[in-house]
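A short write-up of the structure that comes next.
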Amino acid sequence: MRKQWNILMVLIFILVIVLLSISNADSVTISFLFGEASLPKILVIIVSVLIGALLVGSFTYLKIYRQQHRIRQMEKELHRIAELHPEDASRISVTNTTGGDEAETRTSSRRSFFKK
């Protein structure tokens with residue numbers, strides 16, 4: 001259901017951008033350090049939205065990459081601790097969350113939580 005809401009929100013956002021672009025079809029002059037350019041407002045709005053989306057996406061990707069890297073480091077440390085202390089290995093839950101078929105999804109973890 002969440003995926004459907006995300007798709008709906010993206011479609012509404014695109015519709016607003018398209019309507020805003022159509023209503024602003026006249027030209028605008030943009031001054032750069034090296035000169036000026038006269039472009040339609042539609043192009044300026046669409047390019048601005050795309051640049052914003054790329055920036056947000058790149059910062060989000062960077063954060064996710066750092067989190068995954070930290071998770072891998074912590075899992076290696078947990079495996080090392082479990083190897084050093086085999087008597088406590090049964091208490092230490094060592095699972096691979098970075099990939100494979102063994103990884104639990106959020107939905108499956110919720111289902112297993114409610115079955116208990």
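Read-outs: derived from the displayed coordinates by stated rules, not from any lab. Predicted, not measured: the structure shown is a model, and the values here were computed from it. Glycine gets a Cβ as well: all are built from the backbone with ideal geometry, and neighbour counts include every protein chain shown.
Only residues that are more than 28 Å from Ile17 (Cα to Cα) and either in contact with a Phe, Trp or Tyr (Cβ under 9 Å, 6 or more places away or on another chain) or among the charged types (D, E, K, R) (or both): list them for the range 51-83, please.
Passing the criteria: Arg66, Arg70, Arg72, Glu75, Lys76, Glu77, Arg80, Glu83.
Considering only residues that are closer than 30 Å to Val10 by Cα and not in a helix (DSSP H, G or I), which ones fall in the range 50-96?
Residues satisfying the conditions do not exist here.
Restricting to the range 1-34, and then to whatever is surrounded by fewer than 10 Cβ atoms within 10 Å (Cβ to Cβ) and assigned to a loop (DSSP other than H, G, I, E, B), can you tell me which residue is nearest to the chain's Cα centre (by Cα)?
Only one residue tops the list, namely Met1.
Among the listed residues Val49, Val18, Val28, which satisfies the condition of being touching a Leu at 6+ places or on another chain (Cβ under 8 Å) and of a type in the set (A, V, I, L, M)?
Val28
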